[in-house]
Amino acid sequence: MKAVGVGFALRKIGNATKSTVSIESSDPEAVKIVTSSTFSTHRLECPLGKVVDQQTVDGRNCKTVVNWKNDVLVQEESWNGKTTSISRHVNESGNLIAVSLKQGLENMSSSLR
């Protein structure tokens, strides 16, 4: 989080908070991603393949595009010449796997579906 400019206090809260991610798609051309924790709830609703303005959980204003690539939901964010890519898929055990690439650093987390 430090690499993308998140302040000390928010990093401490983020590291201590467990999030739940819900991905919904009632429209085949759009997606809704809801990230909830005891600290906050963040919603991203957007059409697939179209760039939208987004304020991230950590307060960054960025351009975001979400696409399906095979069976992986890929969310790409760009701001101030920087980029982040978050890939999400469900593995054979039914766990949601999220891989985040930020500034060349890789973070991986998973949660039960």
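The values are calculated or read from the model by the stated rules, or taken from the named source; none is laboratory data. Being a predicted model, the structure only gives us computed values, none of them experimental. We place every Cβ from the backbone using ideal geometry, glycine too, and count neighbours over all the protein chains shown.
Quick one: would you say E45 is at pLDDT below 80, surrounded by fewer than 16 Cβ atoms within 10 Å (Cβ to Cβ), charged (D, E, K, R) and farther than 17 Å from S19 by Cβ?
Values: at pLDDT below 80: no; surrounded by fewer than 16 Cβ atoms within 10 Å (Cβ to Cβ): yes; charged (D, E, K, R): yes; farther than 17 Å from S19 by Cβ: yes.
It is false that E45 is at pLDDT below 80, surrounded by fewer than 16 Cβ atoms within 10 Å (Cβ to Cβ), charged (D, E, K, R) and farther than 17 Å from S19 by Cβ.
Counting just the residues of the range 48-69 that are of a type outside the set (S, T, Y) and at pLDDT below 90, which one comes out surrounded by the fewest Cβ atoms within 10 Å (Cβ to Cβ)? Walk me through how you get there before you give the answer.
From the range 48-69, those of a type outside the set (S, T, Y) are 48-55, 57-63, 65-69; that's our starting set.
Retained after the next criterion (residues that are at pLDDT below 90): 57-60.
Values: V57: 17, D58: 14, G59: 10, R60: 16.
Residue satisfying both the conditions and the ranking: G59.
Would you be able to tell me the number of residues in the range 24-33 that are of a type outside the set (D, E, K, R) and either surrounded by 15 or more Cβ atoms within 10 Å (Cβ to Cβ) or touching a Cys at 6+ places or on another chain (Cβ under 9 Å) (or both)? Explain how you work it out, then say what you get.
The first filter runs over the range 24-33 and keeps only residues of a type outside the set (D, E, K, R), leaving 25-26, 28, 30-31, 33.
The next check asks that each one be either surrounded by 15 or more Cβ atoms within 10 Å (Cβ to Cβ) or touching a Cys at 6+ places or on another chain (Cβ under 9 Å) (or both); those that pass are 30-31, 33.
Residues flagged as of a type outside the set (D, E, K, R) and either surrounded by 15 or more Cβ atoms within 10 Å (Cβ to Cβ) or touching a Cys at 6+ places or on another chain (Cβ under 9 Å) (or both) within the range 24-33 amount to 3.
Which condition number does V99 fail, the rest of (1) assigned to a strand (DSSP E or B); (2) at pLDDT 85 or above being met?
(2)
Within the set of pairs 6 or more residues apart or between chains, which connect a residue that is touching a residue at least 24 places away in the same chain (Cβ under 8 Å) inside the range 82-96 to a residue that is among the basic types (K, R) and crowded, with 16+ Cβ neighbours inside 10 Å with Cβ atoms less than 6 Å apart?
Correct list of pairs: T84/K102.
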